[in-house]
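The values are calculated or read from the model by the stated rules, or taken from the named source; none is laboratory data. None of these values were measured; they are calculated from a predicted model. Cβ sites come from the backbone with ideal geometry, for glycine too, and all protein chains shown count toward neighbours.
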């Protein structure tokens, strides 16, 4: 995908980022750095937890999409993040297919200051459409 500019932004435009699958080792490696809770880093203790197994750290899902899919498209327009509303709905286990679709749900251009406020809605689901996370992030983008 090529980098996009503000002129490519449209209200209700959906970006289908496909799916990814996390391995146990990827879950552990991410959590050791960012979220070292036992149910993310220790298989034996995770089995005894309420999750009955090793689960991904909540931010890991967004991190995967953000680095691999979102940033390559939009990083040249980003001026700063303003607001985040994040819902962790179900745990994600190793080997699960997690799909991500991202929609522009709000678009407020400010041509005088040459920026726009864009609210991005990210949905992380499985193949049945069950929601695992939703994230609404408002970002200030350059209109240049």
Looking at residue 93, is it within 15 Å of residue 20 (Cα to Cα) and in contact with a strand residue (DSSP E or B) (Cβ under 7 Å, 6 or more places away or on another chain)? yes
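Could you pull out the residue among 20, 39 that is modelled with pLDDT of 95 or more and within 22 Å of residue 99 (Cα to Cα)? Reasoning before the result, please.
Numbers: 39 fails: within 22 Å of residue 99 (Cα to Cα).
The conditions single out 20.
Does residue 128 satisfy the criteria of being closer than 28 Å to residue 23 by Cβ and either modelled with pLDDT of 95 or more or more than 14 Å from the chain's Cα centre (by Cα) (or both)? Steps first, answer last, please.
Numbers: closer than 28 Å to residue 23 by Cβ: yes; either modelled with pLDDT of 95 or more or more than 14 Å from the chain's Cα centre (by Cα) (or both): yes.
Here the answer is yes, as residue 128 does meet what is asked.
Would you be able to tell me the number of residues in the stretch 43-64 that are part of a helix (DSSP H, G or I) and either farther than 17 Å from residue 122 by Cα or in contact (Cβ under 8 Å) with a residue 60 or more places away in the chain (or both)?
Residues of the stretch 43-64 that are part of a helix (DSSP H, G or I), as a first pass: 43-48, 58-64.
Checking the rest, the ones that are also either farther than 17 Å from residue 122 by Cα or in contact (Cβ under 8 Å) with a residue 60 or more places away in the chain (or both) come to 43-48, 58, 61-62.
So the count comes out to 9.
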Residue ID - nearest to the chain's Cα centre (by Cα), chosen from residues in the stretch 90-119 that are free of Cβ contacts under 8 Å to residues at least 40 places away in the same chain and crowded, with 17+ Cβ neighbours inside 10 Å: 119
Residue count for the stretch 69-89, restricted to those that are in a loop (DSSP other than H, G, I, E, B) and either loosely packed, with under 15 Cβ neighbours inside 10 Å or out of contact with any strand residue (DSSP E or B) (no Cβ under 9 Å at 6 or more places or on another chain) (or both): 3
Do the conditions hold for residue 61, that is, is it under 30 Å from residue 142 (Cβ atoms) and surrounded by 20 or more Cβ atoms within 10 Å (Cβ to Cβ)? yes
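Could you tell me which of the residues 30, 17, 39 is crowded, with 17+ Cβ neighbours inside 10 Å, in contact with a helix residue (DSSP H, G or I) (Cβ under 9 Å, 6 or more places away or on another chain) and in a strand (DSSP E or B)? I'd like the intermediate steps shown before the answer.
Working: 30 fails: in a strand (DSSP E or B); 39 fails: in a strand (DSSP E or B).
Selected residue: 17, the only one of 30, 17, 39 that is crowded, with 17+ Cβ neighbours inside 10 Å, in contact with a helix residue (DSSP H, G or I) (Cβ under 9 Å, 6 or more places away or on another chain) and in a strand (DSSP E or B).
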